[in-house]
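Engineer: Supplied in structure tokens, the structure appears directly below.
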Amino acid sequence: MLDNQLYNAGEVEKLGFNEGYRIPDEYLSEEKFTIMRMCHGIGDWGIISAMPRLLKKKYPNCKVYVPSESLLHKICGEPSSEWGSWSNPYSNAESVFKNNPYVDEFVDSVDGEIFHDHYRIYDDKNPDVPLLEQMLKFWQFDEDECKDSAPELYFSDEEKEMGDKIITQHTDGEFGSLLISDRYDYSMDKLIVDKLDNKLKYFYWTERPIEQTSFDFIDKALDMRNMSIRMQLYIKSKSKINVGNQCGTSQLVVRYSDVFSVQRQFPMAGNFVRGEVYLDQKKVRDLVNSLPDKWDSKTTTSKKFKADLINFFDKEEYRKKTCLEVGSSLGHGTRVLSSLFSRVTALDNLYERHEESKKLNSDRDNIEYVTMDVYNQKWDFWNMQVVFIDCVHDYVHIQSDIENALKFGKDTIIVFDDYGLFPDLKQCIDEYVDMGKLKVLKKIGQKKGTYFPTTQNKVLKDYEGIICQSV
């Protein structure tokens with residue numbers, strides 16, 4: 001990056017250097033430093049927000065500059081559509097560094113070279129080193145000079161006054177913040193729910209209406225959706241706890257608040273932030289991340305459904321049980337079920353689907369594939385304690401499925417997909433519950449109001465799935 005222009009220097013497998021390179025001495029001697037990132041999200045800039053202070057601590061006479069919105073636009077061009085809700089990502093640098101006493105100026109032009117975040121010293125043996133610490137090593141910092149790298153924010157008196165007024169108006173003192181961004185797939189809800197303190201009121205931001213999430217139970221202080229990003233950050237910095245999925249706006253407040261985030265990247269590499277507690281449920285992640293979501297394919301369940309299924313059945317009492325899967329399709333559900341039960345018998349009327357499932361589940365030896373018409377052939381299976389039904393969704397066929405499943409006897413657990421998506425299916429199940437033949441154990445998956453564009457009926461009228469038990 002030279003004289004306000006970006007040049008392609010080639011491609012590498014990994015950004016930065018693992019040894020040997022450091023920032024030129026002659027650049028340091030001029031003591032005019034420009035901070036620069038080549039990713040422009042609020043979190044991307046935020047995780048290097050301690051850099052001005054640390055530079056001035058090591059080089060007391062230096063000037064520290066941050067590129068203005070116009071300079072970023074000049075260097076990087078028009079932002080692509082990948083930024084989604086960020087209408088102008090180039091404004092994020094100013095949102096992060098505004099009021100920072102260690103920043104001398106937002107500049108529209110820079111003569112000479114800018115050493116951006118691609119100039120970093122990485123450690124092959126330890127990928128989880130914060131990006132800022134990697135960058136500062138290139139800037140000739142010793143390791144002990146880099147450690148205070150947690151993001152930092154500075155607010156004006158007016159921002160503080162307004163933020164404190166909002167906090168006082170909507171809470172009685174201590175409070176928390178919940179953030180669910182559009183990068184979250186709802187497969188790790190249990191981890192988030194377990195961290196939410198029922199004694200606190202919560203300011204919250206959720207990418208969909210909170211009523212459609214597992215987090216609607218919180219004592220709500222205020223929806224932050226219509227607040228400026230700076231005001232959101234101030235309130236989050238004053239929260240006793242921040243909980244949600246891994247997201248830049250939460251990473252920015254680790255210096256001031258306890259932050260618990262569902263980990264999104266493995267390893268974290270440069271996006272690791274000291275002070276943030278990363279939440280992970282390896283079994284769920286390994287299974288769910290390898291399978292499609294219902295937004296991508298109408299023949300599968302949502303990732304949240306799959307995760308809820310795992311969380312319900314991943315207990316010692318179920319591991320020795322057998323499962324009958326009625327309508328196994330391409331084997332996505334089969335993969336999950338075969339990780340939970342001792343044996344799975346997968347039924348489908350198309351041999352070709354079984355062949356696809358066998359490819360997906362080639363590492364499993366506890367699946368029996370049966371090609372049959374479940375509505376015109378006898379269910380001649382023994383000792384099935386769990387039945388997973390995802391077959392034809394009209395009233396007559398689901399009634400047939402339920403009657404066949406009930407023949408396995410009392411206490412048989414029956415799981416249904418698409419409970420809230422197909423009216424006939426829901427009506428039939430509800431009638432069996434009302435008759436006392438089925439008992440509802442738990443509703444699972446996405447909640448009422450969720451929109452599935454690839455499916456026939458599009459909008460859930462109730463939970464995506466339901467787990468029942470024969471009475």
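The values are calculated or read from the model by the stated rules, or taken from the named source; none is laboratory data. Keep in mind the model is a prediction, meaning the values are calculated, not measured. Cβ coordinates were reconstructed from backbone atoms using ideal geometry, including for glycine residues, and neighbour counts include every protein chain displayed. When the accessible area is computed, the model is the full protein with side chains, heavy atoms only, and any ligands, DNA or RNA have been set aside. Shrake-Rupley method; radii C 1.70, N 1.55, O 1.52, S 1.80 Å.
Engineer: Going through ASP182, ASP194 one at a time, which residue ends up being in a loop (DSSP other than H, G, I, E, B) and of a type in the set (Asp, Glu)?
Structural biologist: ASP182
Engineer: Something else now. Give the stretch 222-234 a look and list any residue that's touching a residue at least 40 places away in the same chain (Cβ under 8 Å) and assigned to a helix (DSSP H, G or I), or say none.
Structural biologist: ILE229, ARG230, MET231, LEU233, TYR234
Engineer: Return a yes/no flag: does the stretch 74-90 have any residue that is in contact with a strand residue (DSSP E or B) (Cβ under 9 Å, 6 or more places away or on another chain), under 29 Å from THR206 (Cα atoms) and either open to solvent by 60 Å² or more (accessible area, probe 1.4 Å) or touching a residue at least 40 places away in the same chain (Cβ under 8 Å) (or both).
Structural biologist: yes
Engineer: Among the charged types (D, E, K, R) and either in a loop (DSSP other than H, G, I, E, B) or buried (at least 20 other Cβ atoms within 10 Å of the Cβ) (or both): which single residue out of ASP363, ASP430 fits that description?
Structural biologist: Every option except ASP363 fails the conditions.
Engineer: A further question on this structure: Restricting attention to the stretch 123-131, does a residue exist that is closer than 26 Å to GLN5 by Cβ and not hydroxyl-bearing (Ser, Thr, Tyr)?
Structural biologist: Within the stretch 123-131 (the criterion being closer than 26 Å to GLN5 by Cβ and not hydroxyl-bearing (Ser, Thr, Tyr)), the answer is yes, since at least one residue qualifies.
Engineer: Name the single residue that is nearest to the chain's Cα centre (by Cα) among those in the stretch 46-61 being buried (at least 20 other Cβ atoms within 10 Å of the Cβ), closer than 11 Å to ASN100 by Cβ and not hydroxyl-bearing (Ser, Thr, Tyr).
Structural biologist: ALA50
Engineer: So is VAL392 aliphatic (A, V, I, L, M), at negative phi and not in a loop (DSSP other than H, G, I, E, B) or not?
Structural biologist: no
Engineer: Would a scan of the stretch 249-264 turn up a residue that is out of contact with any helix residue (DSSP H, G or I) (no Cβ under 9 Å at 6 or more places or on another chain), part of a strand (DSSP E or B), open to solvent by 20 Å² or more (accessible area, probe 1.4 Å) and closer than 28 Å to MET231 by Cβ?
Structural biologist: Taking every residue of the stretch 249-264 in turn, at least one turns out to be out of contact with any helix residue (DSSP H, G or I) (no Cβ under 9 Å at 6 or more places or on another chain), part of a strand (DSSP E or B), open to solvent by 20 Å² or more (accessible area, probe 1.4 Å) and closer than 28 Å to MET231 by Cβ.
Engineer: Next question. For the stretch 211-221, which residues satisfy the criterion of being surrounded by fewer than 19 Cβ atoms within 10 Å (Cβ to Cβ) and either outside any loop (DSSP other than H, G, I, E, B) or among the charged types (D, E, K, R) (or both)?
Structural biologist: If the condition is that a residue be surrounded by fewer than 19 Cβ atoms within 10 Å (Cβ to Cβ) and either outside any loop (DSSP other than H, G, I, E, B) or among the charged types (D, E, K, R) (or both), then GLU211, GLN212, ASP216, ASP219, LYS220 are the ones that fit.
Engineer: Right, another one. Out of GLY449, GLY420, I need the residue that is open to solvent by less than 10 Å² (accessible area, probe 1.4 Å), under 24 Å from PHE217 (Cβ atoms), not in a strand (DSSP E or B) and not acidic (Asp, Glu). Which one?
Structural biologist: Sole residue among the options that is open to solvent by less than 10 Å² (accessible area, probe 1.4 Å), under 24 Å from PHE217 (Cβ atoms), not in a strand (DSSP E or B) and not acidic (Asp, Glu): GLY420.
Engineer: Cβ-Cβ below 6 Å, separation at least six or inter-chain, first residue in the stretch 395-422 and farther than 20 Å from THR300 by Cα and in contact (Cβ under 8 Å) with a residue 60 or more places away in the chain, second part of a loop (DSSP other than H, G, I, E, B) and aliphatic (A, V, I, L, M): which pairs?
Structural biologist: As it stands, the answer is PHE408/MET384, since those pairs meet every condition given.
Engineer: Looking only at residues in the stretch 94-115 that are among the aromatic types (Phe, Trp, Tyr) and open to solvent by less than 20 Å² (accessible area, probe 1.4 Å), which one is farthest from PHE138 (Cα to Cα)?
Structural biologist: Step by step, filter the stretch 94-115, then rank; the result is PHE97.
Engineer: I'd like the full set of residues that are under 34 Å from the mean Cα position of the chain (by Cα), open to solvent by 80 Å² or more (accessible area, probe 1.4 Å) and aromatic (Phe, Trp, Tyr), limited to the stretch 1-26.
Structural biologist: Of everything in the stretch 1-26, just one residue is under 34 Å from the mean Cα position of the chain (by Cα), open to solvent by 80 Å² or more (accessible area, probe 1.4 Å) and aromatic (Phe, Trp, Tyr), namely TYR7.
Engineer: Let me ask you something else. Of all strands (runs of 3 or more DSSP E) completely enclosed by the stretch 269-355, which ones contain at least 3 residues that are open to solvent by less than 40 Å² (accessible area, probe 1.4 Å) and either aromatic (Phe, Trp, Tyr) or in contact with a strand residue (DSSP E or B) (Cβ under 8 Å, 6 or more places away or on another chain) (or both)?
Structural biologist: So the answer is 322-326, 343-348.
Engineer: Could we say that ALA150 is small (Gly, Ala, Ser) and assigned to a loop (DSSP other than H, G, I, E, B) here?
Structural biologist: yes
Engineer: While we're on this one: Working carefully through the options ASP144, ASP123, ASP128, find the one that is part of a helix (DSSP H, G or I) and at pLDDT below 95.
Structural biologist: After ruling out the rest, the residue left standing is ASP144.
Engineer: Within the stretch 192-206, is even one residue open to solvent by 70 Å² or more (accessible area, probe 1.4 Å) and polar (S, T, N, Q)?
Structural biologist: Among the residues of the stretch 192-206, at least one is open to solvent by 70 Å² or more (accessible area, probe 1.4 Å) and polar (S, T, N, Q), which makes the answer yes.
Engineer: Can you tell which of ASP144, ASP128, ASP185 is over 27 Å from TYR21 (Cβ atoms) and either loosely packed, with under 15 Cβ neighbours inside 10 Å or under 24 Å from the mean Cα position of the chain (by Cα) (or both)?
Structural biologist: Just a single option satisfies the conditions, and that option is ASP185.
Engineer: Select from the stretch 452-471 the residues that are assigned to a loop (DSSP other than H, G, I, E, B) and not hydrophobic (A, V, I, L, M, F, W, C) and list them in ascending order.
Structural biologist: Of everything in the stretch 452-471, those that are assigned to a loop (DSSP other than H, G, I, E, B) and not hydrophobic (A, V, I, L, M, F, W, C) turn out to be PRO453, THR454, THR455, GLN456, ASN457, LYS458, LYS461, ASP462, TYR463, GLU464.
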